[in-house]
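The values are calculated or read from the model by the stated rules, or taken from the named source; none is laboratory data. As the structure is a computational prediction, the values presented were derived from the model and not from experiment. Every residue, glycine as well, gets a Cβ built from its backbone with ideal geometry; the counts of neighbours run over all protein chains shown.
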Amino acid sequence: MANLSVSFSFILLIATLPWTQSLNPKKPVISRHLSQKQTVTNIQFYFHDTVSGKTPSAIKVAEAPTSSKSPTLFGALFIADDPLTESPDPKSKEVGRAQGLYGSAAQQEIGLMMALTYEFTAGEFKGSSIVVLGKNSVMHTVRELPVVGGTGVFRFARGYAEARTYWFNTLGDAIVGYNVTVIH
């Protein structure tokens, strides 16, 4: 009960703060939109997803009771912190990390629902990121995924990523080439 009264007191405190005055319909909120030239940027990199071995970059964190019996692992959820490199060679220069989650969301095919932030840690876009959110039909030669946002130079980004599997093994490890077109 003490937590409830503390929470209620906190809500009352927030409700009385001066900044809530801006929510008053009698006081208009002024917003300005900057009109800037949009830039189209193309980025290419390789995504290394490793689920096996001593140091996986993606791990299964949840699954449905039937996931292990499903040929598509339907219902399995993975958290990833995958390296992004300049070339398909895992020892090539790392340019970023893909961090987020993906889950098997299809029963009839290997279809992953991906929600990943691709953060660039080196090169021209160091400190910036793009966010990819969409279905990845893994067995298709080319998959198109939407870019739904970004940070840094990619603030307000939109666009698409084309993914092509470069290499994979029966354990589920994969190297995927990405060609991303971003408007920002």
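For this structure, a couple of remarks:
- All of V182, V132, V153 fail the test of being in a strand (DSSP E or B) and more than 25 Å from K60 (Cβ to Cβ), apart from V182.
- Screening L73, L101 for residues that are at pLDDT 95 or above, on the phi > 0 side of the Ramachandran plot and not small (G, A, S) leaves exactly one candidate, L73.
- Residue match in region 132-144 (condition: within 15 Å of the chain's Cα centre (by Cα) and hydroxyl-bearing (S, T, Y)): no
- Number of residues in region 143-184 that are touching a helix residue (DSSP H, G or I) at 6+ places or on another chain (Cβ under 7 Å) and either of a type in the set (A, V, I, L, M) or surrounded by fewer than 20 Cβ atoms within 10 Å (Cβ to Cβ) (or both): the value is 1.
- Residues located in region 131-142, provided they are closer than 14 Å to A106 by Cβ and surrounded by 14 or more Cβ atoms within 10 Å (Cβ to Cβ): G134, K135, N136, S137, V138, H140
- Whichever residue in region 82-104 is part of a loop (DSSP other than H, G, I, E, B) and hydroxyl-bearing (S, T, Y) and, among such residues, is nearest to L133 (Cα to Cα): S87
Condition check ((1) in contact (Cβ under 8 Å) with a residue 24 or more places away in the chain; (2) not aliphatic (A, V, I, L, M)) across all residues:
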site: I79; (1), (2): no, no
site: P88; (1), (2): yes, yes
site: V95; (1), (2): yes, no
site: Q108; (1), (2): yes, yes
site: M114; (1), (2): yes, no
site: E124; (1), (2): no, yes
site: E144; (1), (2): no, yes
site: V148; (1), (2): no, no
site: E162; (1), (2): no, yes
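- The residue list S137, S52, S68 contains one member that is of a type in the set (G, A, S), farther than 26 Å from H184 by Cα and touching a residue at least 60 places away in the same chain (Cβ under 8 Å), which is S52.
- Looking only at region 33-81, and only at residues there that are among the β-branched types (V, I, T) and in a strand (DSSP E or B), the one that is surrounded by the fewest Cβ atoms within 10 Å (Cβ to Cβ): V40
- Screening L73, L101 for residues that are among the hydrophobic types (A, V, I, L, M, F, W, C) and over 19 Å from the mean Cα position of the chain (by Cα) leaves exactly one candidate, L73.
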